[in-house]
Amino acid sequence: MSKTVPVLIASLVGCLMIVAYFSPPLLPARQIAEDWFTIVATIAMLLGGANLCLHHVKKISDQEAGWGFSAVTLLSFFITIAVGILKVGVVPESEQQVKFAWSGPFQQEGSGFWWIYQYLFSPIVSTMFALLAFYVASAAFRAFRAKNVEAILLLVTALIVLVGQTRDREITSMFLPPPAEGVPTFIPIAFVTNFIRETFVTAGQRAIMIGIALGVVATSLRILLGLDRSYLGGDE
Amino acid sequence: MTSRLLDKLNMLDRRWIFLAMAMAVLAPILLQIGSDETPSPPTIKLFDEIERLPEGSRILMAMDFDPTSAAELYPMALAFTRHCGVRRHKLFFVTIWPTGKPMIESTIKGVIQADFGSGDRPYVYGVDYVNLGYLAGDAVAISQMSSDIRKARPQDARGTNLDQLPIMTGVTSVKDMALIVNASAGFPGGKEWVQYAATPQNIPIAVGCTGVQSTQLFPYYPDQLLGLVTGIRGAIEYETMLAAKYPNPYADRSKRPAFLRGGAQRWAHRLMIGLIVLGNGIHLANRYRRTLHP
Amino acid sequence: MEFHSDTPGKKEAIAMREKAIATSKNKPRHFAFSPRCFYGELMHSAVKIVTLLVLLMAHPSLSYAEESADSSRPISWFDTGKISFALLTFGVCATVIICTELARRGKPFYVRPIAGLLAMEEAVGRATEMGKPILFVPGIEDIKEIDTVAGLMVLSSVAKMAAEYDTPLEVPTSRALVMTAAREAVQAAALAAGRPDYYNEDRIYYVTDEQFGYVASVCGWMYREKPAACFFLGKFFAESLFLAEAGNAVGAIQIAGTAETTQLPFFVAACDYTLLGEELFAASAYLSGEPAQLGMLKGQDFGKLAAIILVLAGCVLATWDSISPRGKNTEGQNMPRRSQWITDTVLKGG
C-alpha cells in the first residue's frame, strides 16, 4: 500500500498531463497538478533545510574531516535566513505598503539580503563559474591527443571550431585575392566552422535528441504503468 | 637534454596550465584589449526584427540567468534592452530563475533608468516597462504564462496588482507579445520558452545564450527561433550593429562591455589552441621515443 | 570514511563479485521468457487511471468546463490541430507496450551491450578492492525531471552492488525531494541485497539547491575522501566538468550519463565511460534484466526506425520539391512547397 498510492498518484498525474495536452477542457486540472508540484517542492525545502542542519551539526560534533566547513555553512545559513526573514534594512516602497517598516520586498536594493547577494553570493558564484576556464584548459591539454583515427578527427574538428570562433579566423583569408567591391571577404575557416556546426553538429544533436525523446517516452511509460518502481525503493 | 624536457612535460603539474590561463585572461582585461566581430546572420535577424517592429510593440524580456553566468549574458541583456529602448518598445521583464531578479533590476538600472529615464519622453514604470519579477515553477511557469499571465503572476515585482498598471491593459497572456527575447543560461531557459510558449502559441522568439548552450539551440534555428545570439561573441556582434546604427552613444567603449571581454576570450582561445598543440607534441614525442627504445 | 581492507566479510564480498562478473559474462545478450501475465496488470492499471481521470473531469473545480457549459458553443474535448502529434504519441507508446508484451511472452530480442553499464560492476568492484567509497551524483535537478528519475533508477542497481560488497556509497543531492527518493532507493537496494544494516541515511544527504555551492561541496568531499568510483547520472549543466575533472584528479574510475546534450562533450573528455542520451534511460532497464523492461528498449528501437523512415521521407520530399517546378494557384501565385504543407498542417500540432 505504501508504494501503491505513490505509483497510482504518479500514473494518474502523468496521464492527466498527457491527455490535457490534447484536450483543452482538462487544462485547469493540469494547472492544479502543476500548482501541487510547486507546493510539494516548497514544503520539501523545509525538509532539505532541516537535513542540512542535522548533517552539518553531526559532522561538527563528530569532528569529521572538513568539519570547519560545516561550521561556516551553518553560520552562513542562519545569518542569511535571519537577514531575509527579519528584512534587515528594508524600507516601504510603494503607496500600498506604508504601514510597516518591513512592508517592502526582502530583496530590495540596499537591504541586508541584497547586500549579501550583491557582495558575497554574486562574486563567489561568479568565481566558481570562472574556474571552468581552468578546467577546460586542463581537460583540453589532456584529452585532445591524436591517439587513433577517431581522436584525430575530434582533434582537428576542435582546432577548426576554436579558431573559427574568434576573430583570428580572418588570418585564413590573408592569402586569398582581395574580394570585389561590395562582396564580403571569404574566410575559409569560418565557412568550415559553420559547415561543421550546421551540418554535422546539428545532425548529430537532432539524432541524439530523437533518441532521448524516445528514451523519455519509454521511461515515462515504465513509470506510468508502474513497471519500474526502483526510484521509489522498488516493490514491497 | 630533450629527453629530460620531455619527462618534465610528461609530469607537468596542471597548476602551470591554470597559471597560464590566468595570465591569458588577466592581461587583456588589465590592458583594456578588446575584440570586434563581424555580425552573423542569426544575430542580424534579431537586430532587424527589433528594428522592424513598430514603436510601442510589446516585448517580453525573459532574463533567465544569474550572477554565475552574468559575465557571458549580462552584456547581451544590456544590448537588447538598449536597442528596445531606442526603438521605444514596451518592455515586460520576467525571470524563471530565482536568482535572476537582481539581474533584471540591474538591467533596468543600467539601461532604462540611466539611458532612458530622463529627457523629453522618459521611460515610466508601469507605462513603458514593468518588472514581473520571478516566476516559480520552471517550465510550468512558462506554460502558465502562455495561458494566463495574471494566474501565473497577479502582481509585479513591487507588489502592485497587474490590473493597476496601464502597460498591462489588453495583455492577458504571452500571446499578446510581439516578440520574446530570452537571455538564457541553461535550464529552464531558451529551449523551454520555445517548447512551452513560442511554438505552441506561435510567437516569434529570439534567444541569447551561453556558448555551451548554442549547440543545443541551433537545431531550433531558423524554424522555431527567429534569432540566436551566442555567448560573448554574439554580444559583441550585437554591440557592433548597435554602434553602427546608433553611434551616439553606443559606439563609446563604456557602452560596449562585451567588446572589452572579447579580448580576454580571444587570448584564452589562443592559449587553448597552444595547449592542444603542445599536448599532441608531447604525445608524438613519446611515441617516437617508444619506437627508439621499445 | 573508515573502510579497511581487512573488513569482515570482505573476502566473501570479493568472491561474490568475481562470481557475479563470471555469471554476467556468460549471460546471453537476448533475454528469456517470463510467464507472468502482464496484460492483466496493464489493464488493471489502465482501468484505475481512466476511472480516476473520469472522476477528476467530473469535478466542479474545472472552471473551463463550467464556463463552456454556460456558453452556447459545444465543448471541444480534443484539439484537432494536434491530431498528427496524438497519433505519433499513440503509435510510439503502442509499439513500446507491444514489445513489452512480446518480451513477456518469451520472444527473444537482441539488446546491444552498453560499455558504460558493463563497467558499473567493475567500478564498484574496484572501489571494494581499494577500500575506498563510491560517489553517486543523481544530477542537480528536481525529481520532476525524467533524467533525475533515470539516475535514481540506476542508483538502485549501484546501491545493490555496493551493498553486496559492503562498499560505502555517498549520495549528496541538490534537491530535498531527490534526497528522500534516493534514501528510499538505497534502503530498498540494501534490503534486496540481504544487507539491511548497510543502509546509512547519513550518507545520503541534501547539500544545497545552488549549483556552484553544490559543486564546491561535492568536489571538496572528493578531494578529501578520494573515492575510487564516481557515478554522475542525471541532469547536469556547467558543473559536469568540475565534477569530472575532480574525479579525474583523484584517480577515480568515472561513469557519467546525461540527456543534456550540451554537457556530453565534457563528460566524454573527462570520464572513462559515458552513457549518451538515451543510454541513460535504458540503463535501469538493462541493469534490471527483466524481460518486460528490456522489451521497452526494443520498442524504442522501433521508434528510432520510424524516425529514420520519416527523416528519409522528408529528405526525398524536400529534394523532389527543389528539383520539380512549382505549380501556380488560381491567383497566379506559386503554390507552397509540399514539405512546407506537411510542416504547416500535418506536423503543426507538435
- Query: Can you tell me which residues in the stretch B:219-233 are in a helix (DSSP H, G or I) and more than 16 Å from the chain's Cα centre (by Cα)?
  - Reply: B:P219, B:Y220
- Task: Output the number of the condition that B:L6 fails; it satisfies all remaining conditions of (1) in contact with a Leu (Cβ under 9 Å, 6 or more places away or on another chain); (2) touching a residue at least 24 places away in the same chain (Cβ under 8 Å); (3) over 27 Å from B:L225 (Cα atoms); (4) part of a helix (DSSP H, G or I).
- Result: (1)
- Message: Test of understanding: among C:R112, C:R104, which residue is in contact with a Ser or Thr (Cβ under 7 Å, 6 or more places away or on another chain), charged (D, E, K, R) and more than 30 Å from A:A44 (Cα to Cα)?
- Response: C:R104
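I'd like the residue in the stretch A:30-70 that is of a type in the set (F, W, Y) and surrounded by 14 or more Cβ atoms within 10 Å (Cβ to Cβ) and, out of all such residues, is nearest to A:I81 (Cα to Cα).
Filtering the stretch A:30-70 for residues that are of a type in the set (F, W, Y) and surrounded by 14 or more Cβ atoms within 10 Å (Cβ to Cβ), the one nearest to A:I81 (Cα to Cα) comes out as A:F69.
Within the stretch A:33-58, how many residues turn out to be at the interface with another protein chain (Cβ under 7 Å from one of its Cβ atoms) and modelled with pLDDT of 85 or more?
Of the residues in the stretch A:33-58, 6 are at the interface with another protein chain (Cβ under 7 Å from one of its Cβ atoms) and modelled with pLDDT of 85 or more.
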- Consider A:S126 carefully, then state whether it is touching an Asp or Glu at 6+ places or on another chain (Cβ under 8 Å), surrounded by 13 or more Cβ atoms within 10 Å (Cβ to Cβ) and at the interface with chain B (Cβ under 9 Å from one of its Cβ atoms). no
- Yes or no: C:G247 on the phi > 0 side of the Ramachandran plot, more than 7 Å from chain A (Cβ to nearest Cβ) and over 22 Å from the mean Cα position of the chain (by Cα)? no
- Task: Six or more apart or on different chains, Cβ under 6 Å: which pairs go from a residue in the stretch C:260-276 that's facing another protein chain (nearest Cβ under 7 Å) and over 16 Å from C:G234 (Cβ atoms) to one that's at pLDDT 90 or above and in a loop (DSSP other than H, G, I, E, B)? Could you list them?
- Result: none
- Message: Condition (residue is charged (D, E, K, R), in a helix (DSSP H, G or I) and farther than 20 Å from B:V212 by Cα) applied to the stretch C:261-273: is it met by at least one residue?
- Response: no
- Item | the stretch A:1-19 - residue that is over 16 Å from A:S220 (Cα atoms) and part of a helix (DSSP H, G or I) and, of those, farthest from the other protein chains (Cβ to nearest Cβ) | A:V5
- Do we have any residue at all in the stretch C:204-221 that's assigned to a loop (DSSP other than H, G, I, E, B) and away from chain A (no Cβ under 11 Å)? no
- Note on the structure: Result of the Cβ filter at 8 Å on the stretch B:97-122, keeping first residues that are buried (at least 20 other Cβ atoms within 10 Å of the Cβ) and partners that are of a type in the set (K, R), at least 6 apart or interchain, is B:V111/B:R82
- Search the stretch A:60-76 for residues being more than 9 Å from chain C (Cβ to nearest Cβ) and in contact with a Phe, Trp or Tyr (Cβ under 9 Å, 6 or more places away or on another chain), and hand back the single one that is nearest to C:S217 (Cα to Cα). A:I60
- Please tell me if A:G182 is out of contact with any strand residue (DSSP E or B) (no Cβ under 7 Å at 6 or more places or on another chain), in contact (Cβ under 8 Å) with a residue 24 or more places away in the chain, among the small types (G, A, S) and away from chain C (no Cβ under 13 Å). no
- Total residues in the stretch B:171-218, condition part of a loop (DSSP other than H, G, I, E, B) and over 17 Å from B:R153 (Cβ atoms): 12
- Residues in the stretch B:234-247 that are under 16 Å from B:S184 (Cβ atoms) and either part of a loop (DSSP other than H, G, I, E, B) or within 14 Å of chain A (Cβ to nearest Cβ) (or both) total 2
- For residues that are assigned to a strand (DSSP E or B) and crowded, with 24+ Cβ neighbours inside 10 Å, tally how many sit in the stretch C:137-170. 2
- Message: Condition first: closer than 20 Å to A:P123 by Cβ, free of Cβ contacts under 8 Å to residues at least 40 places away in the same chain, touching a Pro at 6+ places or on another chain (Cβ under 8 Å) and not in a loop (DSSP other than H, G, I, E, B). Can you find one or more residues in the stretch B:67-88 that meet it?
- Response: yes
- Message: I'd like the full set of residues that are at pLDDT 90 or above, farther than 13 Å from B:L73 by Cβ and β-branched (V, I, T), limited to the stretch B:178-218.
- Response: B:I180, B:V194, B:I203, B:I205
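A quick yes/no check of all residues on (1) in contact (Cβ under 8 Å) with a residue 60 or more places away in the chain; (2) over 19 Å from the mean Cα position of the chain (by Cα); (3) away from chain A (no Cβ under 12 Å); (4) under 21 Å from A:A44 (Cα atoms):
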{"residue": "C:E122", "(1), (2), (3), (4)": "yes, yes, yes, no"}
{"residue": "C:G139", "(1), (2), (3), (4)": "yes, no, yes, yes"}
{"residue": "C:G151", "(1), (2), (3), (4)": "yes, no, no, yes"}
{"residue": "C:V154", "(1), (2), (3), (4)": "yes, no, no, no"}
{"residue": "C:S157", "(1), (2), (3), (4)": "yes, no, no, no"}
{"residue": "C:A176", "(1), (2), (3), (4)": "no, yes, no, yes"}
{"residue": "C:Q187", "(1), (2), (3), (4)": "no, yes, no, yes"}
{"residue": "C:A192", "(1), (2), (3), (4)": "no, yes, no, no"}
- Search the stretch B:32-51 for residues being under 24 Å from B:I205 (Cβ atoms) and polar (S, T, N, Q), and hand back the single one that is surrounded by the most Cβ atoms within 10 Å (Cβ to Cβ). B:T43
- Restrict the check to the stretch B:259-271 and report whether at least one residue is buried (at least 17 other Cβ atoms within 10 Å of the Cβ) and over 24 Å from B:I17 (Cα atoms). yes
- Which one is surrounded by the most Cβ atoms within 10 Å (Cβ to Cβ) among residues in the stretch B:278-294 that are touching a helix residue (DSSP H, G or I) at 6+ places or on another chain (Cβ under 8 Å) and either within 13 Å of A:L159 (Cβ to Cβ) or more than 9 Å from chain A (Cβ to nearest Cβ) (or both)? B:G279
- Query: On the given criteria, is C:L276 within 30 Å of C:E122 (Cα to Cα) and surrounded by fewer than 24 Cβ atoms within 10 Å (Cβ to Cβ)?
  - Reply: yes
- Message: For the stretch C:298-314, give me each residue that is buried (at least 19 other Cβ atoms within 10 Å of the Cβ) and within 7 Å of another protein chain (Cβ to nearest Cβ).
- Response: C:G299, C:Q300, C:G303
- Message: Just to check your reading of the model, which residue among A:R222, A:R169, A:R142 is free of Cβ contacts under 8 Å to residues at least 24 places away in the same chain, among the basic types (K, R) and more than 7 Å from chain C (Cβ to nearest Cβ)?
- Response: A:R142
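The values are calculated or read from the model by the stated rules, or taken from the named source; none is laboratory data. The structure displayed is predicted, hence computed values, not measured ones. Neighbour counts are summed over all protein chains in view; Cβ atoms, including those assigned to glycine, are modelled from backbone coordinates with ideal geometry.
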